[in-house]
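The values are calculated or read from the model by the stated rules, or taken from the named source; none is laboratory data. Model, not experiment: these values are computed from the prediction. Ideal geometry is used to build each Cβ from the backbone, glycine not excepted, and the neighbour counts take in all protein chains shown.
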Amino acid sequence: MARSSTSKDAQDLFHSLRSAYLATPKNLKIIDLYVCFAVITALIQVAYMALVGSFPFNSFLSGVLSCIGTAVLAVCLRIQVNKENKEFKDLAPERAFADFVLCNLVLHLVIINFLG
Amino acid sequence: MMAGGNVRFLVLILAVAICGAASVFQPISDSHRSAALDVFVPVDGSYKSLEEAYEALKTLEILGIDKKSDLSSKTCENVVKVLQSSSSTLKDAFYALNVNGILKCKIGEAGPKDIVSQLQAGVKDAKLLLDFYYSVRGLVLAKEQFPGTDISLGDAEAIFRSIKSLSQSDGRWRYSSNNPESSTFAAGLAYETLAGVISLAPSEFDPSLIQSVKTGILKLSDSIQKYDDGTFYFDEKSVDASQGPISTTASVIRGLTSFAASESTGLNLPGDKIVGLAKFFLGVGIPGDAKDFFNQIDALACLEDNKFSVPLILSLPSTVISLTKKEPLKVKVSTVLGSKAPALSVKLTQALSSKSVDSSVINNQELKFDADSATYFLDSFPKNFDIGKYTFVFKIVLDESAHEKVYITEAQTKVPIAATGAISIENAEIAVLDSDIGSVESQKKLDLTKDGAVSLSANHLQKLRLSFQLTTPLGNAFKPHQAFFKLKHESQVEHIFLVKTSGKKSELVLDFLGLVEKLYYLSGKYEIQLSIGDASMENSLLSNIGHIELDLPERPEKATRPPLQSTEPYSRYGPKAEISHIFRIPEKLPAKQLSLVFLGVIVLPFIGFLIGLTRLGVNIKSFPSSTGSAISALLFHCGIGAVLLLYVLFWLKLDLFTTLKALSLLGVFLLFVGHRTLSQLASASNKLKSA
């Protein structure tokens with residue numbers, strides 16, 4: 001009995017989350033998709049390193065940090081662009097996007113230098 | 001105590017200083033002449049250039065070697081070609097005239113006039129020092145070789161002044177008025193040129209001009225440099241000068257001697273410095289380079305040919321006096337090129353021993369002269385003349401009678417002399433002692449002049465004593481440079497010990513108790529060898545005394561093993577063991593296929609991202625439609641793409657600095673374009689919001 005209720009609760013929770021998520025604006029969903037893409041890429045790189053060893057360690061670090069860094073920057077962009085965030089009401093989304101692009105370019109310069 | 005120590009130290013420094021200044025210089029000899037034939041070798045019958053031809057021919061002429069017949073034809077052809085052409089450079093004309101002076105080629109009637117007029121035009125138009133040099137000296141040579149032609153210098157005083165204007169206050173000369181660098185070599189060329197101007201000038205010069213040149217010479221001679229062995233030389237001030245000390249000094253000597261000859265005065269240098277310059281060139285030995293050889297011989301010839309200061313060199317064929325052979329010490333005095341010296345006498349003023357520097361063994365001894373071999377010799381040495389190292393101080397005294405030339409000599413010449421003799425070895429004996437009591441167990445007398453067959457035996461509790469007495473021919477105590485005692489085991493392991501000398505007695509005591517470890521605990525038969533040697537000892541010896549049976553205890557576990565002796569005595573000079581280097585093992589890389597699989601797997605999330613985007617319904621509807629904003633938007637995207645492409649290139653082949661440079665350019669562009677696009681987008685969305 002309890003077990004079915006917990007599973008039913010879980011299912012309900014999942015459905016409610018899903019419907020709430022579907023209500024989010026499209027640009028935020030794009031950013032979420034980008035973050036997932038970046039994190040999955042990082043995970044695949046970690047799995048590869050676990051398999052074959054970390055010989056060019058700098059390359060591994062640069063690859064993983066590139067993914068994680070860009071994911072972090074995308075999260076910052078999401079926070080700033082989200083209209084429901086009262087703190088960033090005065091910040092134009094284009095400005096946030098310009099910051100995102102600039103920071104990504106700097107991050108990738110450092111990453112490429114460290115890649116070796 | 002301290003004062004005594006200081007005085008001894010000072011005496012040592014003085015001794016070193018005196019020893020440092022003593023050396024022997026030999027005048028030019030036949031070995032120079034035979035070397036000249038090897039150094040000045042023409043290629044295919046002629047020399048590469050007229051300059052080299054002149055240097056070779058002049059050197060051979062000074063040394064008295066006649067090689068003219070072999071080379072005349074081709075070289076003369078070159079000379080005639082240059083002298084008859086109207087477009088030869090001043091330098092070629094100068095060297096052609098020089099070579100003609102030696103070879104005396106047939107020029108023809110018209111030749112001289114053309115070349116003279118060319119040189120005169122050269123003098124008039126000259127601005128650089130080298131132009132003045134070639135043209136003026138060329139005219140001087142032309143005047144000597146073609147006595148009929150009329151050679152005038154025009155305004156000699158003006159030419160003199162314009163050459164003088166290139167001089168510096170320190171006696172050096174500049175090559176041109178544009179170039180501020182001054183050179184001592186150029187000063188030599190300038191003095192030769194000025195001498196040429198004086199000799200070609202129709203009338204007397206203003207004495208103040210001549211005096212200014214003489215002051216310049218004095219200033220230049222202040223820059224003369226000195227080596228420790230008493231030789232003087234000139235060198236350039238700057239480190240990267242093209243002329244070394246030999247060519248610089250030769251140029252200055254040529255200049256000074258030609259200037260002195262034109263003025264009919266002596267060289268304005270003190271006698272010691274002139275002899276020092278001569279000794280510098282003699283100290284070069286036999287140069288391997290043709291230019292150095294020419295400079296050496298030419299400079300020495302200049303010093304010898306001038307009438308007012310001809311240097312004389314004192315040389316010794318052998319600097320070793322053997323007290324056993326009782327041969328006299330020979331001294332030769334000659335000019336630098338080896339010609340005969342005038343009548344003079346040689347005195348040995350002092351003979352300073354290296355042991356006692358203040359007192360001299362010989363004082364003011366005049367050397368006898370042997371006319372047949374033209375040498376001075378000293379055949380009697382005082383009774384207290386012992387073996388060892390000495391410094392003999394010679395003085396040349398010229399006879400009072402008037403000579404054609406004025407000769408100059410050094411104030412005193414210091415020569416290092418070694419006296420050798422036979423050392424007597426007495427009371428040589430070898431003994432085995434009992435260590436505690438010191439009593440002699442067995443003692444043998446030795447005759448070190450021949451190999452002996454002494455047979456001794458000892459155990460590790462005993463001592464071995466070797467003693468002998470060394471005395472010089474005069475009975476003084478003698479300490480040899482080398483006194484080695486060698487023990488050689490049957491297994492070829494050797495040990496060398498030094499025999500210490502104190503006063504007249506030399507003794508070595510080997511305490512086997514302390515030496516067991518050094519001898520690697522090897523018992524058995526050891527051969528004994530003694531060697532005594534010294535530079536002043538004529539009867540140095542190496543004698544096999546005999547052998548000794550040593551009984552040493554057993555080797556304990558931790559003692560060092562004797563080194564492996566190879567059977568070949570010279571194998572220590574053979575190849576050593578091969579060194580195998582250990583390199584870093586390269587890291588294990590994963591298999592290629594695995595890497596490629598993962599490359600594919602990495603691309604999957606990107607594809608998933610694109611699919612997700614299409615599922616979300618991404619569109620580019622808000623891409624601006626008006627051309628201006630469309631262009632900036634397009635440029636913005638292109639700019640980002642360009643930066644990413646730059647990063648790919650950076651990874652593939654560029655370095656950080658070029659990337660940063662390109663990135664800064666692209667970044668500025670991107671900033672500008674991006675700002676425009678985004679502000680336009682922002683204004684568009686604001687309009688939508690307000691609307």
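Being within 35 Å of the chain's Cα centre (by Cα) and not charged (D, E, K, R) is the filter; apply it to the stretch B:403-413 and report the residue that is surrounded by the fewest Cβ atoms within 10 Å (Cβ to Cβ).
Checked the stretch B:403-413; the qualifying residue surrounded by the fewest Cβ atoms within 10 Å (Cβ to Cβ) is B:Ala411.
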Residue within the stretch B:649-666 that is β-branched (Val, Ile, Thr), within 9 Å of chain A (Cβ to nearest Cβ), under 25 Å from A:Phe37 (Cβ atoms) and surrounded by 12 or more Cβ atoms within 10 Å (Cβ to Cβ) present = no
If we ask which residues in the stretch B:120-168 are closer than 20 Å to B:Ile107 by Cβ, more than 41 Å from the chain's Cα centre (by Cα) and either aromatic (Phe, Trp, Tyr) or in a helix (DSSP H, G or I) (or both), their number turns out to be 4
Has the stretch B:582-603 got any residue that is over 57 Å from the mean Cα position of the chain (by Cα) and more than 30 Å from A:Val52 (Cα to Cα)?
-> no
Looking at B:Gly639, is it on the phi < 0 side of the Ramachandran plot, surrounded by 10 or more Cβ atoms within 10 Å (Cβ to Cβ) and not aliphatic (A, V, I, L, M)?
-> yes
Pick from B:Val116, B:Val79, B:Val99: which is at pLDDT 80 or above, surrounded by fewer than 23 Cβ atoms within 10 Å (Cβ to Cβ), touching a Leu at 6+ places or on another chain (Cβ under 8 Å) and of a type in the set (Val, Ile, Thr)?
-> B:Val116
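Which of the residues belonging to the stretch B:333-343 are of a type outside the set (Gly, Ala, Ser) and touching a residue at least 60 places away in the same chain (Cβ under 8 Å)? Can you show your working first?
Pass one, the stretch B:333-343, residues of a type outside the set (Gly, Ala, Ser): B:333, B:335-337, B:340, B:342.
Selection gives B:Val333, B:Thr335, B:Val336, B:Leu337, B:Pro342.
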Out of B:Ser262, B:Ser251, B:Ser258, report the one residue that is part of a helix (DSSP H, G or I), within 25 Å of the chain's Cα centre (by Cα) and buried (at least 20 other Cβ atoms within 10 Å of the Cβ).
-> B:Ser251
Qualifying strands (runs of 3 or more DSSP E) (wholly inside the stretch B:354-402; at least 2 residues being surrounded by fewer than 17 Cβ atoms within 10 Å (Cβ to Cβ)) = B:360-366, B:368-370, B:388-398
Out of (1) modelled with pLDDT of 85 or more; (2) within 30 Å of B:His403 (Cβ to Cβ); (3) not β-branched (Val, Ile, Thr), what's the single condition that is false for B:Asp289?
-> (2)
Looking at (1) in a strand (DSSP E or B); (2) under 53 Å from the mean Cα position of the chain (by Cα); (3) more than 29 Å from B:Leu323 (Cα to Cα), which is the one condition that is false for B:Ser491?
-> (1)
Hey, could you check the stretch B:215-248 for residues that are modelled with pLDDT under 85 and surrounded by fewer than 16 Cβ atoms within 10 Å (Cβ to Cβ) and say which is nearest to B:Tyr133 (Cα to Cα)?
-> B:Ser242
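Just checking, which of B:Ala241, B:Ala299 is part of a loop (DSSP other than H, G, I, E, B), in contact with a Phe, Trp or Tyr (Cβ under 8 Å, 6 or more places away or on another chain) and of a type in the set (A, V, I, L, M)?
B:Ala241 is the lone residue from the list that is part of a loop (DSSP other than H, G, I, E, B), in contact with a Phe, Trp or Tyr (Cβ under 8 Å, 6 or more places away or on another chain) and of a type in the set (A, V, I, L, M).
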In the stretch B:606-628, the residues that are within 10 Å of another protein chain (Cβ to nearest Cβ) and in a helix (DSSP H, G or I) | B:Phe606, B:Ile607, B:Gly608, B:Phe609, B:Leu610, B:Ile611, B:Gly612, B:Leu613, B:Arg615, B:Leu616
Is there a residue in the stretch B:672-683 that is within 11 Å of chain A (Cβ to nearest Cβ), outside any loop (DSSP other than H, G, I, E, B), within 27 Å of A:Ala23 (Cα to Cα) and polar (S, T, N, Q)?
-> yes
Out of B:Ile631, B:Ile640, which single residue is of a type in the set (Val, Ile, Thr), within 11 Å of another protein chain (Cβ to nearest Cβ), in a helix (DSSP H, G or I) and over 60 Å from the mean Cα position of the chain (by Cα)?
-> B:Ile640
Go through the stretch B:643-655 and give me each residue that's free of Cβ contacts under 8 Å to residues at least 24 places away in the same chain and assigned to a helix (DSSP H, G or I).
-> B:Leu644, B:Leu645, B:Leu646, B:Tyr647, B:Val648, B:Leu649, B:Phe650, B:Trp651, B:Leu652
Considering only the stretch A:4-28, state which residues are farther than 30 Å from B:Val618 by Cβ and at pLDDT 85 or above.
-> A:Thr6, A:Ser7, A:Lys8, A:Asp9, A:Ala10, A:Gln11, A:Asp12
Considering the stretch A:80-100, residues that are without any contact (Cβ under 8 Å) to a residue 24 or more places away in the chain and exposed (fewer than 12 other Cβ atoms within 10 Å of the Cβ), and then whichever is farthest from A:Ala23 (Cα to Cα), we arrive at A:Asp90
Output the qualifying pairs, or none if there are none: Cβ atoms under 6 angstrom, residues six or more apart or on different chains, first residue in the stretch B:582-605 and within 8 Å of chain A (Cβ to nearest Cβ) and surrounded by 10 or more Cβ atoms within 10 Å (Cβ to Cβ), second residue assigned to a helix (DSSP H, G or I) and of a type in the set (S, T, N, Q).
-> B:Pro605/A:Thr41
Note on the stretch A:20-35: residues more than 8 Å from every other protein chain (Cβ to nearest Cβ), surrounded by fewer than 15 Cβ atoms within 10 Å (Cβ to Cβ) and not hydrophobic (A, V, I, L, M, F, W, C) are A:Tyr21, A:Thr24, A:Pro25
Go through the stretch A:94-106 and give me each residue that's under 18 Å from the mean Cα position of the chain (by Cα) and under 19 Å from B:Ser683 (Cα atoms).
-> A:Ala96, A:Phe97, A:Ala98, A:Asp99
Every residue from the stretch A:36-64 that is surrounded by fewer than 17 Cβ atoms within 10 Å (Cβ to Cβ), more than 8 Å from chain B (Cβ to nearest Cβ) and among the small types (Gly, Ala, Ser) | A:Ala47, A:Ala50, A:Ser54, A:Ser59
Check A:Val46 against each of (1) out of contact with any Phe, Trp or Tyr (no Cβ under 6 Å at 6 or more places or on another chain); (2) outside any helix (DSSP H, G or I); (3) over 22 Å from B:Arg615 (Cβ atoms) and name the one condition it does not meet.
-> (2)
Residue count, the stretch A:65-103 (criterion: touching a helix residue (DSSP H, G or I) at 6+ places or on another chain (Cβ under 6 Å), within 9 Å of chain B (Cβ to nearest Cβ) and either over 19 Å from B:Thr677 (Cα atoms) or assigned to a helix (DSSP H, G or I) (or both)) = 3
